[in-house]
Amino acid sequence: MSAEKYLSEIQQLIDGAVLQYLPGEKSYPECIHEAMHYSLLAGGKRLRPSLVIAAAESVGGDRQTVLPFAVAVELIHTYTLVHDDLPALDNDDLRRGKPTNHKVFGEAIAILAGDALLTQAFILMTHASLMEKTTEKNLLKATHEMARAIGSCGTIGGQVVDLQSEGKPIDAETLEYIHIYKTGFLIQASIRCGAILSDATPERLALLSSYGAHIGLAFQIIDDILDIVGDEKKLGKDIGSDIGKEKATYPALFGIEKSREKAESLIDASLKCLESFDDRADPLRDIARFFVQRTF
Ligand code: GRG
């Protein structure tokens, strides 16, 4: 099955599960639930939940078992997008092809919707069905890892350095820090958590971690390139915003061609990490290739 077919299958699974695992859109107080539903159902690619599921399946796990955790990861990702788009951060008007959350619901509700998505994610990571179908130790380990990946020594740390670097010349080391922390950690943690919940051996987990580190960095490099040469309609957001905000990016430091070469070599390295895996890891292989070939 091609990566795009696999992703569209998981996209449908996640879209259905999101509705099942969120308070209803009309639950009181309606505006917060409408705002949560609005951003979650605006049509993301569902890459991170796909990675939770593909990693689980690569080590013999089961997609239904890890499904609440996979949905939780999408909630976390969506919270970062909602908050990142706020006037105090990137001040963006378009996301996933629609007006950003604060443009529709106002800034206060957008802040609270992001907070609520993050909180709901922890409710799902400790969902009763996960407690029944996985071991307590694995569930605690995965939840702890996810929390660590998105905290001030993870995603938020990366975002802070990104903010502080706007308009300033930065070196390659700082740029790599921003990309790994801001984007890579959530991608890598999605893979690790899918594997941990499926009782992966330490050897498999180490290989999957390394696969995740490579594709996580490659993903953000390609995102930087798409911000220059991408198609706004396909991407569902304005392009050129990195240049406008004088953001630290790979193309700004190394040029588009060298950046693409770097992303391609990271994908090659990620595929090497999977050499000892059987065909149950094919979706992970395909997703890695998709990361570097994507146009949206
Ligand atoms: C904690 C507020 C806060 C931010 C953390 C993740 C992040 C930093 C900010 C979000 C905006 C951004 C540019 C993130 C980089 C990662 C990225 C390229 C996100 C877009 O991911 P896709 O392409 O989006 O998977 P869809 O919409 O398909 O889910």
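The values are calculated or read from the model by the stated rules, or taken from the named source; none is laboratory data. No experiment lies behind these values; they were computed from the predicted model shown. For neighbour counting, all protein chains shown are included, and Cβ atoms are generated from backbone atoms with ideal geometry for every residue, glycine included. These area figures cover heavy atoms from the full protein model, side chains too; ligands, DNA and RNA do not enter into them. Shrake-Rupley method; radii C 1.70, N 1.55, O 1.52, S 1.80 Å.
Quick notes
- Residue in segment 58-81 that is open to solvent by 10 Å² or more (accessible area, probe 1.4 Å), in contact with a strand residue (DSSP E or B) (Cβ under 8 Å, 6 or more places away or on another chain) and within 22 Å of Ser190 (Cα to Cα) present: yes
- Top-ranked residue in segment 82-93 [being acidic (Asp, Glu) and within 19 Å of Leu112 (Cβ to Cβ); ranked as surrounded by the most Cβ atoms within 10 Å (Cβ to Cβ)]: Asp85
- All positions within segment 65-104 that are basic (Lys, Arg) and in contact (Cβ under 8 Å) with a residue 12 or more places away in the chain: Arg95, Arg96, Lys98
- Among all positions in segment 206-215, there is no residue which is open to solvent by less than 20 Å² (accessible area, probe 1.4 Å) and in contact with a strand residue (DSSP E or B) (Cβ under 8 Å, 6 or more places away or on another chain).
- Single unsatisfied condition, Pro87 versus (1) within 11 Å of the ligand (Cβ to nearest atom); (2) not in a helix (DSSP H, G or I): (1)
- Residue that is surrounded by the most Cβ atoms within 10 Å (Cβ to Cβ) [pool: residues in segment 4-48 that are assigned to a loop (DSSP other than H, G, I, E, B) and of a type in the set (A, V, I, L, M, F, W, C)]: Leu22
- Sub-7 Å Cβ pairs linking a first residue in segment 142-156 that is in a loop (DSSP other than H, G, I, E, B) to a second residue that is not hydrophobic (A, V, I, L, M, F, W, C), at least 6 apart or interchain, are Gly154/Arg148; Gly154/Tyr181, ordered by first then second residue.
- Of the residues making up segment 7-43, those that are in contact with a Ser or Thr (Cβ under 7 Å, 6 or more places away or on another chain) and within 15 Å of the ligand (Cβ to nearest atom) are Leu7, Ile10, Ser39, Leu40.
- Any hit, segment 125-135, residues being within 16 Å of the ligand (Cβ to nearest atom) and of a type outside the set (Gly, Ala, Ser): no
- Leu118, sole failed condition from (1) modelled with pLDDT of 95 or more; (2) open to solvent by less than 10 Å² (accessible area, probe 1.4 Å); (3) near the ligand (Cβ under 10 Å from one of its atoms); (4) not β-branched (Val, Ile, Thr): (2)
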